[in-house]
Amino acid sequence: MQAAIAAACAEADALPEQRLLNTDLDALVAYFLDKHSAQVPILDRESMSATHHERQIEVYDQWDNRTVRVPGEAYDFELPFTGDPGFFKLRPNTYNLNPPAASVEGQVLRFTIADRALTPEGVKQHVDQLIGSIEQYLGWHREMWAGYPAQLEREVRQRIAERSTRLLQQKNSVAALAGLGIKIREKVGDARTFVPPTIKQKIQPQLPPMRPALPPEPTLDQSVYENILGIIRGAGRSIEQSSSRTRGLDEETLRDMFLVPLNAHFGNATGEAFNVNGKTDIMIRHDGGNIFVAEFKIWGGDKHFLATIDQLLSYLSWRDTKTAIVVFNRNVGFSAVVAKMRDLVKTHPAYVKGPARLDETSDSYVFSLPQDKDRQVTVALLAFDLGVKA
């Protein structure tokens, strides 16, 4: 456990300055939590299977004081599991003197029950005892590792924060020295408070896998989609921390504030960059169709929110598209509004699955298109708190 935490902290220390100073702290911490997570195995008993064999087995001959092989039978069991198989090689702090025995091969536990003659009841009893012992050890591991995520988050966050503070102090010293008339040359990759991209990122739509009787449709690459969502979340947090005058702007003006960083990253000379369509849409168009659409709305209650989902899906036609809904809250009790939206999403008739958590106030869901249930679309729901409008 300590080695995993030390490895995460060492990786945080090795981050380039520009990456460290220009990435949201919560997003960095979430990255390390995900990368260095430790999942205690969960047995999939419903998928357990066995094969029966006639087999020579070893028994002890008390008269001759030796082991001999005699005819018998055996059941070879395979028990799948999810999680980190490395836990089966660790002894938890709590243990007994009769640990379970099985072999670990990939994501499967293998064990054998053999004897001269076996009864179904006896085999079942033996299996239950062995699995019960394995579950007992895994339970001890869960107790032992329960505090690991919090400890990992605390130490990584502290390490990143301390290094960020140290780097900023150093840069202040450099700036002070430059103010005394000493010219400081900027080194390659030097971090600044805001770093505009030197090379525009061109969005390259990727063709999805071919399907029978369906023409190929352009779609947005997943890494570009995640990059877009990251830029939107970063811009939203900046607005949350801005002055009350900025937070009090109307829906359309707030929307336009997101166009600047998006076009700064992806350019506006490709014919595929971000543009405005209608009152609150931000979209990417390609070959006459929409491959990314974002709806920006101020929270206005249940019906207004569900109508926003309807409006978003109506734009997508027959495209397998990645989308986003950005909601600005001006009500008291932001946590309650976020929880309400997460509940409402699941009531929509086009809802398929989710959420996949992006951060404390952002999730990703899968919907089907109303006009074609077989077409699924990813909808990211991003919420930002603007405070109560005076």
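Do you know which residues across the range 78-133 are within 15 Å of residue 49 (Cα to Cα) and of a type in the set (Lys, Arg)?
110, 124
Step by step: first the residues of the range 62-103, then only those that are free of Cβ contacts under 8 Å to residues at least 24 places away in the same chain and assigned to a strand (DSSP E or B), then the one that is most open to solvent (accessible area, probe 1.4 Å). Which residue is that?
Only one residue fits best here, namely 69.
Residue 59 - would you say it is modelled with pLDDT under 90, surrounded by 12 or more Cβ atoms within 10 Å (Cβ to Cβ) and part of a strand (DSSP E or B)?
Taking the combined requirement at face value, the residue satisfies it.
Need at least 1 residues that are within 22 Å of residue 375 (Cβ to Cβ), open to solvent by 30 Å² or more (accessible area, probe 1.4 Å) and modelled with pLDDT of 85 or more per element, so show me which helices (runs of 4 or more DSSP H) inside the range 203-280 make the cut, counting only ones lying wholly within it.
Hits in the range 203-280: 222-240.
Counting only residues that are touching a residue at least 40 places away in the same chain (Cβ under 8 Å) and of a type outside the set (A, V, I, L, M, F, W, C), how many does the range 365-390 have?
9
Select from the range 137-168 the residues that are of a type in the set (S, T, N, Q) and touching a residue at least 40 places away in the same chain (Cβ under 8 Å) and write down the one among them that is nearest to residue 52 (Cα to Cα).
Of everything passing the filter in the range 137-168, 151 is nearest to residue 52 (Cα to Cα).
The values are calculated or read from the model by the stated rules, or taken from the named source; none is laboratory data. Computed from a prediction, not measured in an experiment: that's the story for all the values here. Please note: Cβ atoms are built from the backbone with ideal geometry, for glycine as well, and neighbour counts cover all protein chains shown. The area values use the complete protein model at the heavy-atom level, side chains included, leaving out ligands, DNA and RNA. Shrake-Rupley method; radii C 1.70, N 1.55, O 1.52, S 1.80 Å.
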